[in-house]
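First up is the structure itself, then whatever we jot down about it.
The values are calculated or read from the model by the stated rules, or taken from the named source; none is laboratory data. Predicted model, so just to flag it, every value in this text is computed and none were measured. Here Cβ is always computed from backbone atoms with ideal geometry, including for glycine, and neighbour counts include all displayed protein chains. For accessibility, only protein heavy atoms count, side chains too; no ligands or nucleic acids. Shrake-Rupley method; radii C 1.70, N 1.55, O 1.52, S 1.80 Å.
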Amino acid sequence: MSLFQDDFYSTKVSRWKQRGLQAPAARAGNQLFWIIAGAMLVGMSFMLLLVLVVGGFSGGAGEAAEDSQRTELELVESGITGREPYSEDRIVAAAAKVRPAVVSVLSTFKDGDKITATSMGSGIIFEKTGGKARVVTNNHVVDGGASYEVVMSGGQRKSAKVLGKDRITDLAVLEMDAGGVQEVAVFGDSDKLQWGETAISIGNPLGLNYGQTVTVGVISSPKVLLPSLVDEMGGVEWEMDLIQTDSAINQGNSGGALVSLEGKVIGINSMKLADTGLEGLGFAIPINDAKTVIAALIQDQRVRRPYIGVSTLELAGFAEGTEALKLPTDVKNGAVVMEVQGPARNAGLKTNDVIVEMDGRSIDGTLSLRKYLYNEKKIGEKLKITYYRAGKKDSVTLVLEELKDSK
(Lines give C-alpha, C1' and ligand atoms only; values in the text may rest on other atoms or scores of the structure.)
Protein backbone atom coordinates (compact mmCIF):
# COMPACT_ATOMS: atom_id res chain seq x y z
CA MET A 1 0.00 0.00 0.00
CA SER A 2 1.04 3.59 -0.45
CA LEU A 3 3.24 5.11 2.27
CA PHE A 4 1.55 8.49 1.81
CA GLN A 5 -2.13 7.44 1.80
CA ASP A 6 -2.94 10.44 -0.43
CA ASP A 7 -5.21 9.62 -3.38
CA PHE A 8 -6.29 13.22 -3.95
CA TYR A 9 -2.97 14.76 -4.90
CA SER A 10 -2.10 14.97 -8.60
CA THR A 11 0.81 16.44 -10.49
CA LYS A 12 -1.04 16.29 -13.84
CA VAL A 13 -1.43 19.49 -15.89
CA SER A 14 -4.31 20.26 -18.24
CA ARG A 15 -3.55 18.93 -21.72
CA TRP A 16 -4.63 22.24 -23.08
CA LYS A 17 -1.90 24.03 -21.20
CA GLN A 18 0.60 21.30 -22.09
CA ARG A 19 -0.04 22.07 -25.79
CA GLY A 20 0.16 25.80 -25.30
CA LEU A 21 -3.52 26.22 -26.36
CA GLN A 22 -6.43 28.05 -24.93
CA ALA A 23 -9.56 26.08 -23.99
CA PRO A 24 -12.39 26.36 -26.59
CA ALA A 25 -14.77 29.27 -26.11
CA ALA A 26 -17.98 28.57 -24.26
CA ARG A 27 -20.05 30.13 -26.99
CA ALA A 28 -19.44 29.40 -30.74
CA GLY A 29 -21.31 29.11 -34.00
CA ASN A 30 -23.35 25.97 -34.68
CA GLN A 31 -21.09 24.77 -37.46
CA LEU A 32 -18.01 25.29 -35.44
CA PHE A 33 -19.80 23.70 -32.47
CA TRP A 34 -20.63 20.46 -34.36
CA ILE A 35 -17.18 20.26 -35.89
CA ILE A 36 -15.67 20.60 -32.45
CA ALA A 37 -18.25 18.26 -30.89
CA GLY A 38 -17.58 15.59 -33.50
CA ALA A 39 -13.87 15.88 -33.00
CA MET A 40 -14.34 15.69 -29.28
CA LEU A 41 -16.50 12.54 -29.56
CA VAL A 42 -13.85 10.84 -31.67
CA GLY A 43 -11.20 12.02 -29.29
CA MET A 44 -13.16 10.84 -26.24
CA SER A 45 -13.70 7.43 -27.80
CA PHE A 46 -9.99 7.14 -28.46
CA MET A 47 -9.14 8.33 -24.95
CA LEU A 48 -11.63 5.88 -23.41
CA LEU A 49 -10.01 3.00 -25.29
CA LEU A 50 -6.57 4.23 -24.27
CA VAL A 51 -7.62 4.49 -20.61
CA LEU A 52 -8.98 0.93 -20.64
CA VAL A 53 -5.75 -0.44 -22.13
CA VAL A 54 -3.34 1.60 -20.03
CA GLY A 55 -5.46 1.14 -16.93
CA GLY A 56 -5.00 -2.60 -17.13
CA PHE A 57 -1.26 -2.22 -17.17
CA SER A 58 -1.10 0.49 -14.52
CA GLY A 59 -3.43 -1.48 -12.26
CA GLY A 60 -1.13 -4.47 -12.48
CA ALA A 61 1.90 -2.26 -11.89
CA GLY A 62 0.19 -0.64 -8.90
CA GLU A 63 -0.59 -4.01 -7.40
CA ALA A 64 2.98 -5.13 -8.03
CA ALA A 65 4.35 -1.99 -6.35
CA GLU A 66 2.00 -2.51 -3.41
CA ASP A 67 3.08 -6.15 -3.11
CA SER A 68 6.72 -5.05 -3.31
CA GLN A 69 6.24 -2.52 -0.51
CA ARG A 70 4.32 -5.00 1.59
CA THR A 71 7.03 -7.62 1.08
CA GLU A 72 9.75 -5.14 2.02
CA LEU A 73 7.85 -4.16 5.18
CA GLU A 74 7.41 -7.79 6.13
CA LEU A 75 11.11 -8.44 5.53
CA VAL A 76 12.13 -5.50 7.71
CA GLU A 77 9.76 -6.52 10.50
CA SER A 78 10.99 -10.11 10.38
CA GLY A 79 14.62 -9.00 10.42
CA ILE A 80 15.45 -10.79 7.16
CA THR A 81 16.92 -7.65 5.60
CA GLY A 82 19.29 -7.19 8.55
CA ARG A 83 17.87 -3.78 9.42
CA GLU A 84 16.42 -3.04 12.84
CA PRO A 85 13.82 -0.25 12.57
CA TYR A 86 13.58 2.02 15.62
CA SER A 87 10.28 1.07 17.21
CA GLU A 88 8.78 2.03 20.54
CA ASP A 89 7.09 -1.36 20.68
CA ARG A 90 10.46 -3.12 20.27
CA ILE A 91 12.02 -0.98 23.00
CA VAL A 92 9.12 -1.72 25.34
CA ALA A 93 9.40 -5.45 24.62
CA ALA A 94 13.19 -5.49 25.09
CA ALA A 95 12.99 -3.57 28.38
CA ALA A 96 10.20 -5.81 29.67
CA LYS A 97 12.30 -8.86 28.89
CA VAL A 98 15.33 -7.72 30.91
CA ARG A 99 13.85 -5.56 33.69
CA PRO A 100 12.94 -8.47 36.02
CA ALA A 101 16.59 -9.56 35.96
CA VAL A 102 18.00 -6.12 36.87
CA VAL A 103 18.44 -5.58 40.62
CA SER A 104 19.83 -3.11 43.12
CA VAL A 105 22.98 -4.08 45.01
CA LEU A 106 23.38 -2.55 48.49
CA SER A 107 26.81 -2.65 50.12
CA THR A 108 27.32 -1.98 53.83
CA PHE A 109 30.71 -0.78 55.10
CA LYS A 110 31.85 -1.24 58.71
CA ASP A 111 34.60 -0.20 61.05
CA GLY A 112 34.58 -3.04 63.54
CA ASP A 113 30.94 -3.49 64.52
CA LYS A 114 30.01 0.04 63.58
CA ILE A 115 28.35 0.73 60.22
CA THR A 116 30.19 3.60 58.58
CA ALA A 117 28.49 3.84 55.19
CA THR A 118 26.23 2.19 52.65
CA SER A 119 26.33 2.45 48.89
CA MET A 120 24.13 1.29 46.05
CA GLY A 121 24.69 0.08 42.52
CA SER A 122 22.94 -2.16 40.04
CA GLY A 123 23.33 -5.78 39.04
CA ILE A 124 22.06 -8.37 36.57
CA ILE A 125 20.72 -11.84 37.44
CA PHE A 126 22.30 -14.02 34.77
CA GLU A 127 22.12 -17.56 36.17
CA LYS A 128 19.88 -19.72 38.31
CA THR A 129 21.22 -23.11 39.34
CA GLY A 130 21.06 -25.49 42.31
CA GLY A 131 18.70 -23.24 44.27
CA LYS A 132 21.06 -20.29 43.89
CA ALA A 133 20.89 -17.21 41.69
CA ARG A 134 23.97 -15.33 40.54
CA VAL A 135 24.29 -11.61 39.91
CA VAL A 136 27.02 -9.81 37.97
CA THR A 137 27.91 -6.25 38.93
CA ASN A 138 30.95 -3.96 39.04
CA ASN A 139 33.78 -4.59 41.46
CA HIS A 140 33.66 -0.95 42.56
CA VAL A 141 30.04 -1.48 43.68
CA VAL A 142 31.01 -4.14 46.24
CA ASP A 143 34.71 -3.53 46.90
CA GLY A 144 35.44 -3.08 50.61
CA GLY A 145 31.93 -3.97 51.74
CA ALA A 146 31.23 -6.05 54.85
CA SER A 147 27.78 -7.30 53.84
CA TYR A 148 25.54 -7.17 50.79
CA GLU A 149 21.86 -7.11 49.98
CA VAL A 150 20.08 -7.50 46.65
CA VAL A 151 16.78 -5.72 46.04
CA MET A 152 14.82 -7.40 43.27
CA SER A 153 12.62 -5.60 40.73
CA GLY A 154 9.50 -6.41 42.75
CA GLY A 155 11.01 -4.99 45.96
CA GLN A 156 11.96 -8.32 47.60
CA ARG A 157 15.23 -8.11 49.53
CA LYS A 158 17.77 -10.92 49.74
CA SER A 159 21.11 -11.17 51.50
CA ALA A 160 23.97 -12.04 49.17
CA LYS A 161 27.65 -12.92 49.29
CA VAL A 162 30.46 -12.05 46.92
CA LEU A 163 31.38 -15.21 45.07
CA GLY A 164 34.34 -13.58 43.34
CA LYS A 165 35.58 -10.18 42.21
CA ASP A 166 38.29 -8.72 39.99
CA ARG A 167 39.79 -5.27 40.34
CA ILE A 168 41.43 -5.17 36.91
CA THR A 169 38.25 -5.74 34.88
CA ASP A 170 35.95 -4.11 37.48
CA LEU A 171 33.63 -7.12 37.65
CA ALA A 172 32.16 -9.10 40.53
CA VAL A 173 29.73 -11.98 40.93
CA LEU A 174 27.32 -12.29 43.87
CA GLU A 175 25.30 -15.32 44.89
CA MET A 176 21.95 -15.44 46.68
CA ASP A 177 18.99 -17.72 47.29
CA ALA A 178 16.99 -18.23 44.08
CA GLY A 179 13.57 -18.09 45.75
CA GLY A 180 11.30 -15.70 43.87
CA VAL A 181 13.66 -15.34 40.93
CA GLN A 182 11.52 -15.78 37.83
CA GLU A 183 13.72 -14.40 35.07
CA VAL A 184 17.43 -14.39 34.22
CA ALA A 185 19.03 -12.17 31.60
CA VAL A 186 20.27 -13.58 28.32
CA PHE A 187 23.69 -12.48 27.11
CA GLY A 188 24.04 -11.24 23.53
CA ASP A 189 27.06 -10.85 21.23
CA SER A 190 28.89 -7.55 21.73
CA ASP A 191 31.28 -8.30 18.85
CA LYS A 192 28.42 -7.66 16.39
CA LEU A 193 27.52 -4.19 17.61
CA GLN A 194 27.28 -1.38 15.05
CA TRP A 195 27.60 2.39 15.23
CA GLY A 196 24.16 3.93 15.67
CA GLU A 197 22.47 0.75 16.88
CA THR A 198 19.77 1.31 19.50
CA ALA A 199 20.97 0.82 23.09
CA ILE A 200 18.79 0.57 26.19
CA SER A 201 20.17 1.12 29.70
CA ILE A 202 18.36 -0.38 32.68
CA GLY A 203 19.49 0.29 36.22
CA ASN A 204 18.83 1.98 39.53
CA PRO A 205 20.27 5.51 39.62
CA LEU A 206 20.28 7.72 42.71
CA GLY A 207 18.76 5.27 45.13
CA LEU A 208 15.81 2.91 45.29
CA ASN A 209 13.31 5.69 44.64
CA TYR A 210 14.53 5.79 41.06
CA GLY A 211 14.82 2.03 40.68
CA GLN A 212 14.28 0.28 37.35
CA THR A 213 14.95 3.36 35.26
CA VAL A 214 15.06 2.80 31.49
CA THR A 215 16.94 5.16 29.17
CA VAL A 216 17.40 4.86 25.42
CA GLY A 217 20.18 5.98 23.11
CA VAL A 218 22.55 4.56 20.53
CA ILE A 219 25.90 2.82 20.35
CA SER A 220 28.24 5.77 19.86
CA SER A 221 31.17 3.40 19.37
CA PRO A 222 31.27 -0.41 19.69
CA LYS A 223 34.83 -0.26 21.01
CA VAL A 224 36.86 2.59 22.48
CA LEU A 225 40.08 2.16 24.48
CA LEU A 226 39.99 4.04 27.79
CA PRO A 227 41.91 4.01 31.09
CA SER A 228 39.86 1.96 33.54
CA LEU A 229 42.18 1.79 36.52
CA VAL A 230 44.49 4.53 37.80
CA ASP A 231 47.13 4.14 40.52
CA GLU A 232 47.72 6.47 43.47
CA MET A 233 50.21 8.52 41.45
CA GLY A 234 47.71 9.10 38.65
CA GLY A 235 49.36 6.64 36.29
CA VAL A 236 47.28 4.34 34.09
CA GLU A 237 47.32 0.91 35.70
CA TRP A 238 44.96 -0.73 33.21
CA GLU A 239 42.89 0.17 30.17
CA MET A 240 39.97 -1.57 28.51
CA ASP A 241 38.02 -1.64 25.27
CA LEU A 242 34.58 -0.31 26.25
CA ILE A 243 31.25 0.28 24.52
CA GLN A 244 30.44 3.99 24.30
CA THR A 245 26.77 4.99 24.42
CA ASP A 246 24.75 8.17 24.83
CA SER A 247 22.06 6.25 26.71
CA ALA A 248 21.96 8.02 30.08
CA ILE A 249 24.08 6.37 32.77
CA ASN A 250 24.11 7.94 36.23
CA GLN A 251 25.44 7.21 39.69
CA GLY A 252 23.83 3.97 40.80
CA ASN A 253 23.59 2.62 37.26
CA SER A 254 26.98 0.91 37.66
CA GLY A 255 26.58 -2.82 37.15
CA GLY A 256 23.30 -2.39 35.28
CA ALA A 257 22.43 -3.71 31.85
CA LEU A 258 23.06 -2.27 28.42
CA VAL A 259 20.48 -4.02 26.25
CA SER A 260 19.91 -4.54 22.52
CA LEU A 261 16.55 -4.35 20.75
CA GLU A 262 16.52 -8.15 20.91
CA GLY A 263 16.26 -7.92 24.69
CA LYS A 264 19.76 -9.33 25.25
CA VAL A 265 22.47 -7.90 27.52
CA ILE A 266 25.31 -6.57 25.35
CA GLY A 267 27.22 -4.70 28.06
CA ILE A 268 27.55 -3.96 31.76
CA ASN A 269 27.27 -0.24 32.46
CA SER A 270 30.34 0.89 34.36
CA MET A 271 31.19 4.57 34.09
CA LYS A 272 30.59 7.91 32.42
CA LEU A 273 32.60 11.03 31.73
CA ALA A 274 30.99 13.97 33.50
CA ASP A 275 32.20 17.54 33.32
CA THR A 276 31.06 20.94 32.15
CA GLY A 277 30.37 20.76 28.45
CA LEU A 278 30.31 16.95 28.34
CA GLU A 279 27.11 15.08 27.61
CA GLY A 280 26.15 11.56 26.60
CA LEU A 281 29.49 9.88 27.32
CA GLY A 282 28.64 6.61 29.05
CA PHE A 283 30.63 3.39 28.88
CA ALA A 284 29.90 -0.30 29.35
CA ILE A 285 32.04 -3.42 29.56
CA PRO A 286 31.36 -5.53 26.42
CA ILE A 287 29.52 -8.68 27.46
CA ASN A 288 31.83 -10.90 25.39
CA ASP A 289 34.79 -9.64 27.43
CA ALA A 290 32.84 -10.08 30.65
CA LYS A 291 31.83 -13.68 29.95
CA THR A 292 35.31 -15.16 30.47
CA VAL A 293 35.83 -13.13 33.64
CA ILE A 294 32.44 -14.19 35.03
CA ALA A 295 33.27 -17.85 34.34
CA ALA A 296 36.60 -17.48 36.16
CA LEU A 297 34.99 -15.79 39.16
CA ILE A 298 32.48 -18.63 39.47
CA GLN A 299 35.10 -21.34 39.13
CA ASP A 300 38.06 -19.89 41.03
CA GLN A 301 36.54 -16.88 42.85
CA ARG A 302 39.21 -14.79 41.10
CA VAL A 303 40.89 -14.30 37.73
CA ARG A 304 44.12 -16.27 37.78
CA ARG A 305 46.94 -14.22 36.26
CA PRO A 306 50.67 -14.79 35.74
CA TYR A 307 53.20 -13.12 38.01
CA ILE A 308 56.76 -11.88 37.37
CA GLY A 309 57.57 -10.31 40.72
CA VAL A 310 58.49 -6.74 39.76
CA SER A 311 57.06 -3.30 40.42
CA THR A 312 58.01 -0.77 37.75
CA LEU A 313 57.88 2.87 36.68
CA GLU A 314 57.70 4.37 33.22
CA LEU A 315 61.14 5.17 31.87
CA ALA A 316 59.78 8.40 30.38
CA GLY A 317 58.72 9.55 33.85
CA PHE A 318 61.76 8.33 35.77
CA ALA A 319 62.73 11.21 38.05
CA GLU A 320 66.50 10.71 37.91
CA GLY A 321 66.51 10.58 34.11
CA THR A 322 68.07 8.15 31.66
CA GLU A 323 71.59 9.42 32.39
CA ALA A 324 71.49 7.95 35.90
CA LEU A 325 70.63 4.58 34.34
CA LYS A 326 73.49 4.94 31.81
CA LEU A 327 71.21 4.02 28.93
CA PRO A 328 72.13 4.42 25.27
CA THR A 329 70.73 7.65 23.83
CA ASP A 330 68.37 5.77 21.50
CA VAL A 331 66.56 4.02 24.39
CA LYS A 332 63.55 6.24 25.14
CA ASN A 333 60.92 3.79 26.43
CA GLY A 334 60.80 0.91 28.87
CA ALA A 335 59.83 -0.15 32.39
CA VAL A 336 62.26 0.69 35.21
CA VAL A 337 62.39 -2.03 37.88
CA MET A 338 61.86 -0.58 41.38
CA GLU A 339 61.26 -3.73 43.46
CA VAL A 340 62.13 -7.36 42.76
CA GLN A 341 60.81 -10.58 44.24
CA GLY A 342 59.60 -14.06 43.28
CA PRO A 343 60.47 -15.32 39.78
CA ALA A 344 62.21 -12.07 38.78
CA ARG A 345 64.56 -12.19 41.77
CA ASN A 346 65.28 -15.86 41.18
CA ALA A 347 66.14 -15.08 37.55
CA GLY A 348 68.58 -12.34 38.59
CA LEU A 349 66.75 -9.10 37.82
CA LYS A 350 67.70 -6.13 40.01
CA THR A 351 66.48 -2.66 40.93
CA ASN A 352 67.09 -0.06 38.17
CA ASP A 353 67.13 -2.67 35.42
CA VAL A 354 65.18 -1.31 32.45
CA ILE A 355 62.93 -3.87 30.76
CA VAL A 356 62.59 -3.16 27.03
CA GLU A 357 61.33 -6.46 25.58
CA MET A 358 59.31 -9.55 26.49
CA ASP A 359 59.62 -12.55 24.19
CA GLY A 360 61.03 -10.18 21.58
CA ARG A 361 58.12 -7.71 21.80
CA SER A 362 58.86 -4.09 22.64
CA ILE A 363 57.78 -2.91 26.11
CA ASP A 364 57.03 0.82 26.32
CA GLY A 365 56.29 0.91 30.05
CA THR A 366 54.38 -0.60 32.94
CA LEU A 367 51.02 -0.80 31.16
CA SER A 368 52.59 -2.37 28.11
CA LEU A 369 54.35 -4.93 30.33
CA ARG A 370 51.17 -5.77 32.22
CA LYS A 371 49.01 -6.09 29.09
CA TYR A 372 51.41 -8.48 27.41
CA LEU A 373 51.69 -10.53 30.57
CA TYR A 374 47.93 -10.76 31.29
CA ASN A 375 46.68 -11.05 27.72
CA GLU A 376 49.34 -13.21 26.10
CA LYS A 377 50.89 -15.41 28.79
CA LYS A 378 49.76 -18.14 31.16
CA ILE A 379 50.82 -19.36 34.58
CA GLY A 380 53.67 -21.87 34.26
CA GLU A 381 54.90 -20.62 30.88
CA LYS A 382 58.43 -19.38 30.24
CA LEU A 383 59.05 -15.69 29.63
CA LYS A 384 62.18 -14.15 28.12
CA ILE A 385 62.89 -10.64 29.44
CA THR A 386 65.35 -8.32 27.69
CA TYR A 387 66.69 -5.44 29.80
CA TYR A 388 69.44 -2.85 30.19
CA ARG A 389 71.67 -2.74 33.29
CA ALA A 390 74.18 0.10 33.57
CA GLY A 391 74.04 0.57 29.81
CA LYS A 392 74.58 -3.08 28.94
CA LYS A 393 71.86 -5.09 27.21
CA ASP A 394 71.11 -8.57 28.54
CA SER A 395 68.26 -11.08 28.92
CA VAL A 396 66.94 -13.69 31.32
CA THR A 397 64.31 -16.42 31.10
CA LEU A 398 61.95 -17.15 33.99
CA VAL A 399 58.91 -19.32 34.72
CA LEU A 400 55.71 -17.41 35.48
CA GLU A 401 53.98 -18.06 38.79
CA GLU A 402 50.44 -17.17 39.88
CA LEU A 403 49.61 -13.71 41.15
CA LYS A 404 48.19 -14.37 44.63
CA ASP A 405 46.41 -11.08 45.32
CA SER A 406 44.55 -10.90 42.00
CA LYS A 407 41.05 -10.66 43.53
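Structure data summary
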item: Filtered residue count, the range 123-162, keeping only those that are in contact with an Asp or Glu (Cβ under 7 Å, 6 or more places away or on another chain), closer than 25 Å to GLY112 by Cβ and assigned to a strand (DSSP E or B); result: 4
item: Which listed residue is in contact (Cβ under 8 Å) with a residue 40 or more places away in the chain and open to solvent by 30 Å² or more (accessible area, probe 1.4 Å), from LYS161, LYS97; result: LYS97
item: Per-region count, the range 101-134, residues over 19 Å from GLN301 (Cβ atoms), under 25 Å from the mean Cα position of the chain (by Cα) and open to solvent by 10 Å² or more (accessible area, probe 1.4 Å); result: 4
item: Hits in the range 334-349 (condition: farther than 16 Å from GLU402 by Cα, open to solvent by 10 Å² or more (accessible area, probe 1.4 Å) and part of a strand (DSSP E or B)); result: MET338, GLU339
item: Qualifying strands (runs of 3 or more DSSP E) (wholly inside the range 242-296; at least 1 residues being touching a Gly at 6+ places or on another chain (Cβ under 6 Å) and open to solvent by 40 Å² or more (accessible area, probe 1.4 Å)); result: 265-272
item: Filtered residues of the range 372-407 (kept if within 21 Å of PRO227 (Cα to Cα) and either in contact (Cβ under 8 Å) with a residue 60 or more places away in the chain or in contact with a strand residue (DSSP E or B) (Cβ under 6 Å, 6 or more places away or on another chain) (or both)); result: TYR372, LEU373, TYR374, SER406, LYS407
item: Unmet criterion (only one of (1) crowded, with 19+ Cβ neighbours inside 10 Å; (2) modelled with pLDDT under 95) for ILE308; result: (2)
item: Complete set of residues in the range 183-214 that are open to solvent by 10 Å² or more (accessible area, probe 1.4 Å), modelled with pLDDT under 95 and of a type in the set (S, T, N, Q); result: ASN209, GLN212, THR213
item: Among the residues listed as GLY180, GLY145, the single one being at pLDDT below 95 and either out of contact with any Leu (no Cβ under 8 Å at 6 or more places or on another chain) or open to solvent by less than 10 Å² (accessible area, probe 1.4 Å) (or both); result: GLY180
